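To start, the structure itself, in structure tokens.
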Amino acid sequence: MKPIPWSSIQSWDCTNCGECCKRYIVYLTPHEQLAISRAYGSEFTIPCVRGFYLPKKLDDSCAFLYSSFGRRTCAIQHMKPLACKLWPFEVYTKAKYGRPNEASFTFRGSEFFVYVNPTCNGLTYGIPSTRMVNQIVPEFVEIALGMRKQQQFSTSPLPFSPLPVVRTYV
């Protein structure tokens, strides 16, 4: 499905469904690949034409996705790849998927075009809430620009500590 402008979304909250960790391949930056390989071993980054990506478990979910108390969470929150931090948002300096007026978001005097993947279960459609405008979208823009590493509004709160990674990948 084609991403839609952020202004169509009233609010977004991660529901810990883990669907994004099953549906998509997570491509890594060179820095991410090196950090993950050093921390977990080279078998946790798979080479391909585009560079490297995270391996999948037998159930087709990311090797770092784990379930606990009915919630699915990333075991590498401390080094979560940029692609995962940005999900389900996409931030550009030019309109990419049309509807530029609706996708436009002004951040610190610059215009960005923010889109959202409509397959995410955590979306509520409607007029953007104050939290969406003042906290969620700005944080995604900061992450995309490399201005922020720690997520506060753009991830689900962790009610428990991550479990060790179990090597049950394909």
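Rule-based calculations on the coordinates, nothing more; no lab input. Just so you know, these numbers come straight off a predicted model, no measurement behind them. So basically every Cβ, Gly included, is an ideal-geometry build from the backbone, and we count neighbours across all protein chains shown.
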Subject >> Answer from G51, G146, G109 - the residue that is over 20 Å from the mean Cα position of the chain (by Cα) and of a type outside the set (D, E, K, R) >> reply: G109
Original post:
Scanning for something on the phi > 0 side of the Ramachandran plot, in contact with a helix residue (DSSP H, G or I) (Cβ under 7 Å, 6 or more places away or on another chain) and not aliphatic (A, V, I, L, M), does region 60-83 turn up at least one residue?
Top reply: yes
